[in-house]
Every structure is written in C-alpha cells, then in structure tokens.
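What follows is a set of notes on a single structure, which appears directly below.
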Amino acid sequence: MKLQIHNLTKKYGTKTAVDHMSFTVENGVYGLLGANGAGKTTLMRLICGIQRPTAGKITLDGQEVSGMGEEYCALLGYLPQNCAFYPDFTALDFLLYVCALKGIEAKNAGKRSRLLLREVGLEKEQKQKIKTFSGGMKQRLGIAQAMLNNPGILILDEPTAGLDPRERIRFRNLISAFSKNRIVILSTHIVSDIEFIAGEIMMMKNGRLLKTGCTGEITAEMLGKVWECTLPTVQAEKLAVKYPVSNMRNTEDGNTVLRIISPQKPLDGAKTVQPNLEDLYLNYFKEEKRDETAFEI
Ligand SMILES: Nc1ncnc2c1ncn2[C@@H]1O[C@H](COP(=O)(O)OP(=O)(O)OP(=O)(O)O)[C@@H](O)[C@H]1O
Ligand SMILES: [Mg+2]
C-alpha cells in the first residue's frame, strides 16, 4: 500500500496548521515528531478523513481517499489524542461496542476483543469498569480499540503518553509485530520513544516537514557538531548559558559532563560524540525553547 499526501493544507481562519505538506508512506512505522502546535494532530485527522483539507489531497495507491467512502474507513484504525470512553462500560464491553460500530461480525468480535486485551496487558481487568482505570490503562484500551478491525493503516496520536516503561516496551513490540505489511503513523514529542519504535522519522514544525529519514540519516547533519566535555560544575553552568545543552550530568567528584551543540569546538578538551535524535531536535527547536524560558521568567 502506498499512502500519498499531496500539497496538503489546513487552515483555521488565518492560522495554517498544515502547510502544503507532501510525502509518501508505505508499509512500516513512521514517527511524527514535533513540538506542541506543530500540526501533528491536524495532519492525522486529515488522514483519517475527520477533517477536510483547505487544499491538497490524499491518495491510496493512486486513488483519492475522499472518494473511497467506507472502503477507506474499513482500512483505518485511529487513536485520538484524547480518546473518550464511556466510564460505566467495562473494558470488554467497550471493545465489543467499538466492534459493532466498525461492523465487525458478532462471532469474531469477542475473540478479537479478548486477544487485543491480552496484547495490551488488560486481560485481568477486562471486566472492570473504565472509570476505575488509570491513565495508562485507558491509553492501552485506546490502542486496543484502534487495532480491532485489523487496520491496514493505523494512526496513533501520542500512543505512549502516560505509559510506564514496561508498557512502553510492550507497546513497541506490539507495534513492530503489527506493522509488517501495514502502515503505522504515530506522533509523539518524546524523542526516545520514536527513536526506538519508528523506522522512519518525520520531523514537523509549523505545519511543515523539516526532515524525514531513519535516525542515522536525519542526524547525519549533526556530525561534528555535538560535543562532550567534563569541567567543574561552576564553570559548566556558565558554559551552559552560552550554548544549547542536550544533556548535563554531575559526576561523583564534583564535575559536570556537558553535551553541547555547537558548529565550533566550544572549549579545549571538548570531544565530538555520535549525534542522536535528541541533539537534532534541540538544534531545530532551541529558539522556541529559549523564548518559552524567557516568557516563564
Ligand atoms: N479547531 C481548531 N481551531 C483553531 N486552531 C486550531 C484548531 N485545532 C488546532 N489548531 C491550531 O493549529 C495548530 C496545530 O495544532 P495541532 O493540534 O495539530 O498540533 P499538535 O502538533 O498536535 O500539538 P500537540 O503536540 O500539542 O498535540 C496549533 O497552532 C493549534 O492552535
Ligand atoms: Mg496533538
């Protein structure tokens, strides 16, 4: 399957949330990475047909999806950013209800719902009412409902929000097994999540795609620009004001190790290190971060 986005634009009044975006996705896991307000949710809602674009179109294997009707809907699974539940439903009842909405035959609905409850680690809680669930449990139920119809295109808006580390690992494994021969697009602002889960990363800012590629490809431009140096904490704090710092950790002997982003060597003794996605993200979003800090002060 080939899902193509052509010049897609969505405006809310004068605000352009998605700005002439074009890209193609085929089978695999794609991670949409971007700061708050980058346009991730809007893009996902456009792909799911919940919102109409101001301009541009979406095609699946060359066919425009807006004309495909139910055939396209049947291919989609979607986890909204703030998935709403019926608090008095049990987890199992909720999934059965979603099965009915999606037109899944009753004889398969129970089996499929139980299987997914097991896959997201809610097997024991299937008879509990959703109002007794923690945030992470609700999130996992949301992931399960998105996968009920075995979708060829799975769209997950911040699926790992609220998951503890063990559940993140389970989610990652579930998605990699599921993504064979399917398109999975997920959004997050947690860099480490996307680095592990997604084969392809799409970095988004102000409604546009800044970069796409695997971690190695898109971080290549940072080669030679990420430095580590160890110095006394007092000096490290002074240096940290001058440069974007992607990591700072104290050592036991009163020193601090700084990880600095800079085109030039920031000081004698600094050594270049292998760039990661966090370094790249910081490089692209550093100005906004500084503005926000200034605002808070
Ligand atoms: N219904 C709406 N009406 C007006 N503006 C909107 C609406 N929905 C989103 N926006 C604006 O469009 C931009 C993109 O929002 P969107 O929710 O797509 O971003 P996001 O990347 O999902 O952010 P977050 O990481 O916070 O979820 C933001 O500036 C937002 O204020
Ligand atoms: Mg969002």
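The values are calculated or read from the model by the stated rules, or taken from the named source; none is laboratory data. Please read these numbers as outputs of a predicted model, since none were measured by experiment. Quick reminder, even Gly has a Cβ in these numbers, built from the backbone with ideal geometry, and neighbours come from all protein chains shown. For the accessible areas, the whole protein counts, side chains as well, though only heavy atoms, and no ligand, DNA or RNA atoms are used. Shrake-Rupley method; radii C 1.70, N 1.55, O 1.52, S 1.80 Å.
Taking helices (runs of 4 or more DSSP H) as the structural unit, those lying wholly within the range 7-124 and holding at least 1 residues that are among the polar types (S, T, N, Q) correspond to 40-47, 106-119. Just one residue in the set ASN206, ASN276, ASN255 is within 16 Å of ligand 2 (Cβ to nearest atom) and in contact (Cβ under 8 Å) with a residue 24 or more places away in the chain; that residue is ASN206.
For THR272, the conditions (1) of a type in the set (Ser, Thr, Tyr); (2) surrounded by 14 or more Cβ atoms within 10 Å (Cβ to Cβ); (3) over 20 Å from THR24 (Cα atoms) are fulfilled apart from (2).
Only a single criterion out of (1) among the hydroxyl-bearing types (Ser, Thr, Tyr); (2) within 16 Å of ligand 2 (Cβ to nearest atom); (3) touching a residue at least 40 places away in the same chain (Cβ under 8 Å) is not satisfied by THR160, namely (3).
The rows are residues; the columns are (1) within 16 Å of ligand 1 (Cβ to nearest atom); (2) open to solvent by 20 Å² or more (accessible area, probe 1.4 Å); (3) of a type outside the set (Gly, Ala, Ser); (4) in the same structural domain as LEU8 (by TED's automatic domain parsing).
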site: ALA38; (1), (2), (3), (4): yes, no, no, yes
site: ILE47; (1), (2), (3), (4): yes, no, yes, yes
site: ARG52; (1), (2), (3), (4): yes, yes, yes, yes
site: ALA55; (1), (2), (3), (4): yes, yes, no, yes
site: ASP61; (1), (2), (3), (4): no, yes, yes, yes
site: VAL65; (1), (2), (3), (4): no, no, yes, yes
site: GLY69; (1), (2), (3), (4): no, yes, no, yes
site: TYR72; (1), (2), (3), (4): no, no, yes, yes
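Of the listed requirements (1) open to solvent by less than 30 Å² (accessible area, probe 1.4 Å); (2) more than 16 Å from ligand 1 (Cβ to nearest atom); (3) under 30 Å from LYS124 (Cβ atoms), LEU79 misses just one: (2). Within the range 109-130, is there a residue that is in the same structural domain as GLU70 (by TED's automatic domain parsing), open to solvent by 10 Å² or more (accessible area, probe 1.4 Å), under 28 Å from THR42 (Cα atoms) and not hydroxyl-bearing (Ser, Thr, Tyr)? Within the range 109-130, not a single residue is in the same structural domain as GLU70 (by TED's automatic domain parsing), open to solvent by 10 Å² or more (accessible area, probe 1.4 Å), under 28 Å from THR42 (Cα atoms) and not hydroxyl-bearing (Ser, Thr, Tyr). Of the residues GLN139, GLN145, the single one that is within 16 Å of ligand 1 (Cβ to nearest atom), assigned by TED's automatic domain parsing to the domain that holds PRO80 and not in a loop (DSSP other than H, G, I, E, B) is GLN139.
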